[in-house]
Amino acid sequence: QVQLVESGGGLVQPGGSLRLSCAASRSIFNIYIMGWYRQAPGKQRELVATITSGFSTNYQDSVKGRFTISRYNAKNTVYLQMNSLKPEDTAVYYCNAKRPSDLTTYWGQGTQVTVSS
């Protein structure tokens with residue numbers, strides 16, 4: 001079992017920045033794909049960004065150029081740096097860990113990001 005704990009959410013004005021962190025309970029980064037998803041009220045959960053054990057990244061089109069996903073294996077932590085935030089980025093952001101061999105998946109509890117003036 002793997003526990004994922006997110007932090008760093010909050011209220012920010014449009015154009016502002018936030019950095020989300022996700023700490024894993026044990027070392028999994030050498031085999032798991034780590035990702036961030038988000039779910040806005042009344043909408044389905046959607047992929048924001050992923051990063052593989054080999055540091056390959058993938059982003060949803062709407063966040064390209066504004067968000068950056070990274071991982072620090074020594075601390076079992078993955079980050080999401082969010083710049084130039086827009087009101088439509090408002091959502092609960094979830095950390096995700098997926099094992100490619102059998103697609104075993106773990107989720108964090110979520111952290112609220114609100115972009116509003």
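Within segment 69-88, if we keep just the residues that are open to solvent by 70 Å² or more (accessible area, probe 1.4 Å) and free of Cβ contacts under 8 Å to residues at least 60 places away in the same chain, the residue that is farthest from Y106 (Cα to Cα) turns out to be E88.
Selection within segment 90-115: residues that are without any contact (Cβ under 8 Å) to a residue 40 or more places away in the chain and at negative phi. The member of this set that is surrounded by the most Cβ atoms within 10 Å (Cβ to Cβ) is T105. Taking segment 1-41 as the range and being under 18 Å from Q112 (Cβ atoms), open to solvent by 50 Å² or more (accessible area, probe 1.4 Å), in a loop (DSSP other than H, G, I, E, B) and at pLDDT 95 or above as the test, the residues that pass are Q13, P14, S17.
The values are calculated or read from the model by the stated rules, or taken from the named source; none is laboratory data. What you see is a predicted model; the values in this text were computed from it and never measured. Don't worry about glycine lacking a Cβ; one is built from the backbone with ideal geometry, like all the others, and counts go over all protein chains shown. Just so you know, the surface numbers come from the protein's heavy atoms only, side chains and all, with ligands and any DNA or RNA stripped out. Shrake-Rupley method; radii C 1.70, N 1.55, O 1.52, S 1.80 Å.
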